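The values are calculated or read from the model by the stated rules, or taken from the named source; none is laboratory data. Given the structure is predicted, the values throughout are model-derived calculations rather than measurements. Don't worry about glycine lacking a Cβ; one is built from the backbone with ideal geometry, like all the others, and counts go over all protein chains shown. SASA here: full protein model, heavy atoms, side chains in, ligands and nucleic acids out. Shrake-Rupley method; radii C 1.70, N 1.55, O 1.52, S 1.80 Å.
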Amino acid sequence: MPEKLMPNSKHHAIVIGINDYPLIGLPSLKGPVNDANDFCAWLRDPAGGNLPPENIRRVLSSDAPSGSLFPTPNQAESLFERFIGDYYDGKKEGERLYVFASGHGFGDPSDISKTALYAANARKMLPWHVAVTNYVEWLRRHAVFDEIVLIMDCCRTVNLPYEIREPQYVTCQESVNADSVRYFYAFAARRGNASRERTFADGRVSGIFTRAFIDALKVAAPDSQGNVTGQRLKDHLHNSIGSFAGDVTVKPPDIALDSTQDIIFCTRKKAGVIPVNVSLAPYSGGETIILRDGNFKEIRQVRANASQLTLELEPGLYKIAVKDTGRQKLIEVPDNDQITV
Amino acid sequence: MTKSRSKRQIALTVRAADCLAEVFLVNSRFERIAAGVGSVDAAVTPGLYKARFRVGQVQTDSLIEVGADAEHMVFEGPPVQFDTPVPLPQTMTWRQEHEQAARKESHTIHCRLGSGSQLFLFFRGLAEAASRPWLGVSVHDLDGTLLAGPEQGICDERSAFFALNLEVDPGCYSLRVEEEPGEVYEIFVSTLSGWQTQVFALAEQSWLPGVGAFRAALPVASVLTAAIGTGFDPSVVSVRQSELLRLGLLHGRNILAKAGLDSVLAEQPLNPMTAVFAAHVLLRQEDAALTAELVKHVDRCVVAAMPDLVAALPVSGGLPVFVLPPMLRSSWQRIMEAAGKEKAAISPGSVVEQLKDGVLNTPLWLLRRR
């Protein structure tokens, strides 16, 4: 039986997913609630975040009847209140905070670091919003947690008249240990750009970035110590996101971390595997496929009993060749999951 | 105990098609092993590598096989198909009819309002809804007097472009777009003696929230300069260079290294807008050495006529006095900071002084709501 790990009781999470914005004229989304639920599933997973369920606080637009303008800024921001309140009371909250936010969002016109999620009751002339990055930065500045992981799957387009309002917390002036707080901030889009959602092969609509991010959490290669670090996730995501985009054009995500004090998301002995469908064309029967890794080391010889076969490969670069023919191809996994050689 | 002999190292050079494109090299585990602009050099063991070429927010990847039988391998990357308002070949937004029209109309004076410099506008649409990119467009002097509108230019709905070439006195002009009734925004455009200032914009759904109309997108417009008589010629090196620098500035990328600056400076006389963009990219990079190199090559008369260069480059002599507004938001910020520290003066009663209200925070151009 696999060893059952104790939950990470000092890890906490805030999860926000908003699909509907009936007043502001923005189209309804189908992905954010799914994204929030998928991320919560990873958080609960003993092989993933391994958080006890009571440490995951979430607000989803699907928690209220359709058309009820839920959540408003206060309803979403209340998730942060406890941690800010506890700081004033002198309580150390925990080791790590995850903040996940998905929905329509925007970037501040004058401060490139600020990104907010529109609240469900946003209107054109009253763009109510949740100042997510402001809260996260407050928590970092005040070292409420040792580590902060922020994931925002939302647009960061700039609407010049819309500024992100500072929440009504008190800012402490005294020096705190913010520099020691490890952080990993991942945005689906860089400032000024849009994030995208699409329907995936399983029939569900998801944010492309969230799908790619959760996949990276599950399959990204660990370092030599078996740690899946923020840098490993970043490297993996920058190379895998295109494979999740389908026909949609996505621009590079924006991921910030301090590699000198990286966060360990999970540990595993080796990377997860991804199915790669290989078609042989032409196929005369009985060809042998030779697979070499990125150092030209032969890692597999497979006799093809049909014109199509599936190889389970870890993320990386490979050279695939048909033995005794000149046919060969360089492939990137997961970017090339359907190849013909 | 002796160390085992390490694997053979091959000198790998990866070159981008554009000297101002970013280049990243990763190994087969997606670990970045080299990064640079224009090209990168790395000593690598035989194996598979991935090169990524990036312009602004667009990137193209290539897989590279480095064999054991070469001492040195050079890989030439493909051009990155970026998007731009300028009808440049080898870009995502190139349309042949737009390139031809821009070439032709930039040689035609549509309206004479002065002499010595030209202001050429070329706005275009790529979608059916954007087939009238001239809607809401007007050119004014700094007093607000209307100088020209769509009726003075070429409005071609079938090919979705608007062209207007004005002969004007060297100076600064206000280019306005009415996004919706009563919502007018302006950028400022400098013209120089002997030069044609070219403004390119794509008609896009208004950047104002809730406004569905398609209008020329001023916040991400392109501004180029060409010597009078040459018109728009996308084969000129400085056209692509200026555009790459503009995209670097727009997206906050550090894209100007020594080799890139050398290629920029190879063209003489230095193109004024290329100099403006280069100066501001270097300002962002806080690279004093390359800035000093740039200063040596910029014509002093051009600097004096362009507030964007005065704001960005170290000036010798007296306190700079700003009478005319700059084009770039970063210049505006520099001017305001310098004025606050009494290191620059703003001429009383000038447009610059009046501008303090209504300036919007944009990543590129100084944009004002009228």
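Non-local amide H neighbours of residue B:37 (under 5 Å, H modeled in plane, Pro and chain starts lacking H): which ones?
B:23
For residue B:31 and residue B:90, calculate 0.36 nm times their separation in residues minus their Cα-Cα distance, and state this gained length in nm to one decimal.
The span from residue B:31 to residue B:90 would gain 18.3 nm if fully extended.
Defining a contact as two alpha carbons under 8 Å apart and six or more residues distant in sequence, what relative contact order in percent does the range B:77-168 show?
Across the range B:77-168, relative contact order equals 32 percent.
Dipole size in debye (nearest 20) for the protein assembly as shown around its Cα centre, Lys and Arg Cβ +1, Asp and Glu Cβ -1?
Around 1420 debye, computed over the protein assembly as shown.
Which whole-angstrom value gives the distance between the alpha carbon centres of the range B:322-370 and the range A:9-74?
Here the two parts' Cα centres lie 43 Å apart.
Provide, for the range B:243-369, the number of lysine pairs with alpha carbons under 23 Å apart, each pair being eight or more places apart or on different chains.
The number of close lysine pairs in the range B:243-369 is 4.
Name the residues of the range A:212-252, by number, that are at least 20 Å² less accessible with every protein chain in place than in the isolated chain; the surface is that of heavy atoms, probe 1.4 Å, without ligands or nucleic acids.
SASA drop of 20 Å² or more in the range A:212-252: A:232, A:235, A:238, A:239, A:251, A:252.
Can you give me the relative contact order of the range B:297-343 as a percent, contacts being Cα pairs under 8 Å and 6 or more apart?
Relative contact order here is 37 percent.
By how many nm would the segment from residue B:9 to residue B:115 lengthen if fully extended, with 0.36 nm per residue of separation less the alpha-carbon distance?
Extra length from residue B:9 to residue B:115 when fully extended: 32.0 nm.
Using unit Cβ charges (K, R positive; D, E negative) and no other charged atoms, how large, in debye to the nearest 20, is the dipole of chain B about its Cα centre?
With only Lys, Arg, Asp and Glu charged at Cβ, the dipole is about 1120 debye.
Over the Cα atoms of the protein assembly as shown, what radius of gyration and what Dmax do you get, in Å?
Gyration radius and largest Cα-Cα distance of the protein assembly as shown: 27.6, 87 Å.
If you split all Cα-Cα distances of the range B:217-369 into 5 Å bins from zero, what percentages do you get per bin, shortest first?
Histogramming the range B:217-369 at 5 Å steps yields 2, 9, 19, 22, 21, 15, 9, 3, 0 percent.
Report in % the part of the accessible area of the range B:10-76 that belongs to carbon and sulfur, leaving out ligands and nucleic acids; probe 1.4 Å.
The nonpolar share, carbon plus sulfur, comes to 46 percent.
For chain A, taking Cα atoms only, what is the radius of gyration to one decimal and the Dmax to the nearest whole Å?
Rg and Dmax of chain A, Cα atoms, are 22.3, 75 Å.
Reachable aspartates and glutamates from residue A:91, Cα under 19 Å, same-chain residues fewer than 8 places away excluded?
A:54, A:81, A:137, A:146, A:147, A:174
So, for the range B:243-369, what is the accessible surface per residue at a probe of 1.4 Å, expressed in square angstrom?
Accessible area per residue, the range B:243-369: 43 Å².
Just name one of A:36, A:189, A:221: the one whose Cα is farthest towards the positive end of the charge dipole of chain A (beta-carbon charges, Lys/Arg +1, Asp/Glu -1).
Positive-end residue among those listed: A:221.
Comparing the chain by itself with all protein chains present, which residues of the range B:332-370 are at least 50 Å² less accessible (probe 1.4 Å)?
Relative to the lone chain, where solvent access is computed with a 1.4 Å probe, the range B:332-370 loses at least 50 Å² at B:361.
For chain A, which whole percent of the accessible surface, found with a 1.4 angstrom probe, sits on carbon and sulfur atoms?
Accessible surface attributable to carbon and sulfur in chain A totals 48 percent.
Please give the per residue accessible area of the range A:11-267, computed with a probe of 1.4 Å over protein heavy atoms only, in Å².
Value returned for the range A:11-267: 39 Å² of accessible area per residue.
Quick one: helix A:32-44 against the long Cα principal axis of chain A, what's the angle to the nearest 10°, folded into 0 to 90?
The helix A:32-44 is inclined about 80 degrees to chain A.
Restricting the count to DSSP beta bridges whose residues both fall in chain B, what percent are antiparallel, rounded to a multiple of 5?
Antiparallel bridges make up about 80 percent of those DSSP assigns within chain B.
Cα centroids of the range B:34-57 and the range B:183-234: how far apart, whole angstrom?
34 Å
Contact order normalised by length for chain B, with contacts defined as Cα pairs under 8 Å and 6 or more residues apart; what percent is it?
Normalised by residue count, the contact order of chain B is 13 percent.
Starting from the residue with the highest accessible area, list A:35, B:357, B:262 in decreasing order, probe 1.4 Å.
Descending accessible area places them as B:357, B:262, A:35.
Considering only protein heavy atoms, with the full assembly of protein chains and a 1.4 angstrom probe, order A:152, A:6, B:336 by accessible area, largest first.
So, going from the largest accessible area down, we get A:6, B:336, A:152.
Of the beta bridges DSSP finds with both residues in chain A, what % are antiparallel, to the nearest 5?
55 percent
Could you name the lysines whose alpha carbon sits less than 22 Å from that of residue A:92, not counting residues in the same chain fewer than 8 places away?
Of all the lysines, those that pass the test against residue A:92 - Cα under 22 Å, at least 8 places apart if same chain - are A:10.
Read phi for every residue in the range B:64-79 and hand back ³J(HN,Hα) as whole Hz from Karplus 6.51 cos²θ - 1.76 cosθ + 1.60, θ = phi - 60°, with x for Gly and Pro.
Karplus values, whole Hz, x for Gly and Pro: 10, 9, 9, x, 8, 9, 10, 7, 9, 10, 10, 10, 9, x, x, x.
Could you compute how much accessible area chains A and B hide from each other, both sides summed, with a 1.4 Å probe? Nearest 100 Å² is fine.
Using a 1.4 Å probe, the pair buries roughly 2800 Å².
Any chance you could check the range A:157-206 for residues losing 50 Å² or more of accessible area when the partner protein chains are in, compared with the chain on its own (1.4 Å probe)?
A:160, A:190
Counting Lys and Arg as +1 and Asp and Glu as -1, what is the net charge of the other residues whose Cβ lies under 14 Å from the Cβ of residue B:290?
-1
Quote the FRET efficiency, to the nearest 0.05, computed for residue A:273 versus residue A:91 with a Förster distance R0 of 51 Å and r equal to the Cβ-Cβ distance.
0.75
If you average 1/r across every pair of different Cα atoms in the range B:284-361 and take the reciprocal, what Kirkwood value do you get, in Å?
13.2 Å
Which percentage, to the nearest 5, of the DSSP beta bridges contained in the range B:1-98 is antiparallel?
85 percent
Order the following by accessible area, largest value first: A:319, A:124. Probe radius 1.4 Å; ligands, DNA and RNA are ignored.
A:124, A:319
Please express the Cα-Cα pair-distance distribution P(r) of chain B as a list of whole percents, one per 10 Å bin, running from 0 to the bin with the greatest distance.
Histogramming chain B at 10 Å steps yields 5, 23, 30, 23, 11, 5, 2, 1, 0 percent.
Can you give the accessible area per residue of the range B:87-127, in Å², using a 1.4 Å probe?
44 Å²
Which whole-number value in Å³ per residue fits the convex hull of the alpha carbons of the range B:10-76?
Taking the convex hull of the Cα positions in the range B:10-76, it is 69 Å³ per residue.
Take the alpha carbon atoms of the range A:284-341, find their center, do the same for the range A:182-250, and report the distance between the two centers in whole angstrom.
Cα centroid to Cα centroid, the span is 25 Å.
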